[in-house]
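See structure below.
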Amino acid sequence: MKIIRGIHNIQDISFHSVITIGKFDGIHLGHQKLFLKTYKISAQYKLLSIVILFEPQPLEFFKKNNSPIRITKFREKVKWISSYNIDKILCIRFNQSFKSVKPQDFITNILINKLHMKFIVIGNDFRFGFNRNGNIELLKKLGDKYKFSIIKIRSLYKKSMKISSTNIRKALSKNNIKLANNFLGRQFSISGKVIHGDKLARTINYPTANIRLDQKFLLNHGVYAVKIKCSINKNFLGISNIGVKPTFMKNTVTLLEVHLFNTNIDLYGKYIEVFIYKKIRDEQLFSSKEELKNQIFQDIIKVKKYFKIS
């Protein structure tokens, strides 16, 4: 799979294509259905399969710090999209210039003239372009003119709730990880590069691997039962704290700290994926290191009981 970073980097494409477009935040079951249909059409008609997404996401551009908290970073989106055997991802820079592009111009100048689109796969609530004026009716009108077909995929529901990025955010903000997982079709996870911390956790015999998080983060601060997968393709069980370590009063940034059970592996500089399973408690301020150490001991007992290990 090839990533095309920006419209200006589109090279001459001689193949006709099938395209799907969206923010795809979360890569949930609804998104996965779009990717699967895109792949199947490309295989059936021997077309190039292309996923178009935007960085930053449009609401991140318009609302800045008031935009919805992101579920998946660009790196994670690429990983999940590539698992559907998509040929190319076109990542369009959403900026002041692009926001003014009219829907009809986007379709004709980019999708038709540059990408030679023959099919477009969309959800039934799809809108695009300047002021979100582009809709299915416009696609149908231009489809007749430029000879491309529109494949509309219905929204998915679980227990009468629509599978959407918005509902996943709501579930995670309420610590309902199980519901979020049902919408995602997988275990919710956080990925990042392990950084050097202040090593204070070592002073209480609970060394951690640390990932720096955005200040705006989906999960509430607290202690969680986790599994991690690292670049050496090994999985480990552990306990994680998400927060600012108030007892040490050192942090001004949000960290995800992971203490691994029964292992002593050097993860500095490596990318790890942390799978979040269950919240154990909220982050707390303790009066001393010893009180914190005793609480961590009790937390670990709970996490090991949850994972059914000794």
For segment 54-70, Karplus couplings with θ = phi - 60° (6.51, -1.76, 1.60), whole Hz, Gly/Pro x | 10, 9, x, 5, x, 5, 5, 6, 6, 9, 6, 5, 9, 6, x, 5, 6
Arranged from highest to lowest average of other beta-carbon atoms within 10 Å per residue, in what order do the peptides 177-184, 93-100, 12-19 appear?
-> 177-184, 12-19, 93-100
Amide hydrogen neighbours beyond the local backbone of residue 90, cut-off 5 Å, H modeled = 4, 51, 52, 53
Derived scalar couplings ³J(HN,Hα) [segment 32-42; Karplus, 6.51 cos²θ - 1.76 cosθ + 1.60; whole Hz; x for Gly, Pro] | 4, 5, 5, 5, 5, 5, 4, 5, 5, 5, 4
Evaluate the charge dipole of the chain about its Cα centre and quote only its size in Debye, nearest 20, assuming +1 on the Cβ of each Lys and Arg and -1 on the Cβ of each Asp and Glu.
-> 720 debye
Simple spin-label estimate for residue 155/residue 138, 7 Å along Cα→Cβ, in nm, reads 2.1 nm
Helix 136-146 sits at what angle to the longest principal axis of the chain, using alpha carbons and giving 0 to 90 degrees rounded to 10?
-> 50 degrees
Using θ = phi - 60° and the Karplus curve 6.51 cos²θ - 1.76 cosθ + 1.60, what whole-Hz ³J(HN,Hα) does each residue of segment 6-15 get, with Gly and Pro shown as x?
-> x, 4, 5, 9, 5, 7, 4, 10, 8, 7
Taking a spot 7 Å from the Cα of residue 40 along the direction of its beta carbon, which residues of segment 144-161 have an amide N less than 18 Å from it?
-> 149-157
Report, by chain and number, residues whose modeled amide H sits under 5 Å from the one on residue 48, excluding near sequence neighbours (fewer than 5 apart, same chain).
-> 16, 17, 18
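Rounded to the nearest 5, what is the percent of antiparallel bridges among the DSSP beta bridges in the chain?
On the way: 36 of 60 bridges.
Antiparallel bridges make up about 60 percent of those DSSP assigns within the chain.
Considering Cα pairs under 8 angstrom that are at least six residues apart, work out the relative contact order of the chain and quote it in whole percent.
Numbers: 526 pairs, mean separation 48.7, N = 310.
In percent, rounded to a whole number, it is 16.
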In what sequence, highest mean first, do 296-306, 187-197, 149-159 appear when ranked by Cβ atoms within 10 angstrom?
-> 187-197, 296-306, 149-159
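Could you work out the helix-only [θ] at 222 nm for the chain, with each DSSP H run of four or more residues adding -39,500 (n - 2.57) and the total divided by the number of residues, to the nearest 500 deg cm²/dmol? List each step's numbers first, then the result.
Working: 7 runs with 79 residues, N = 310.
About -8000 deg cm²/dmol.
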Segment 19-74: relative contact order as a whole-number percent, Cα under 8 Å and 6+ apart | 45 percent
Sequence ranges 115-122, 240-247, 163-170, ranked by mean other-Cβ count within 10 angstrom, highest first = 115-122, 240-247, 163-170
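Determine the gain in length on full extension of the stretch residue 271-residue 12; use 0.36 nm per residue of separation and subtract their C-alpha separation, reporting nm with one decimal.
Working: separation 259, 0.36 × 259 = 93.24 nm, distance 3.46 nm.
Taking 0.36 nm per residue and subtracting the Cα distance, the gain is 89.8 nm.
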In terms of Cα to Cα distance under 20 Å, which lysines are near enough to residue 270, apart from those fewer than 8 places away along the same chain?
-> 73, 77, 79, 193, 199, 227, 229, 234
In the set (i) 30, 49, 20, 1; (ii) 29, 44, 21, 6, 0; (iii) 37, 60, 3, which value of P(r) over Cα pairs in 20 Å bins from 0, in percent was calculated from the structure you see?
-> (i)
In straight Cα distance, which aspartates and glutamates are under 13 Å from residue 152, not counting same-chain residues fewer than 8 positions off?
-> 125, 137
Calculate the length of the line joining the C-alpha centroid of segment 255-279 to that of segment 20-56, in whole Å.
-> 31 Å
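All of the numbers you see were taken from the coordinates with simple rules; none came from a lab. Predicted, not measured: the structure shown is a model, and the values here were computed from it. FYI the Cβ positions are ideal-geometry reconstructions off the backbone, even for glycines, and counts take in every protein chain you see.
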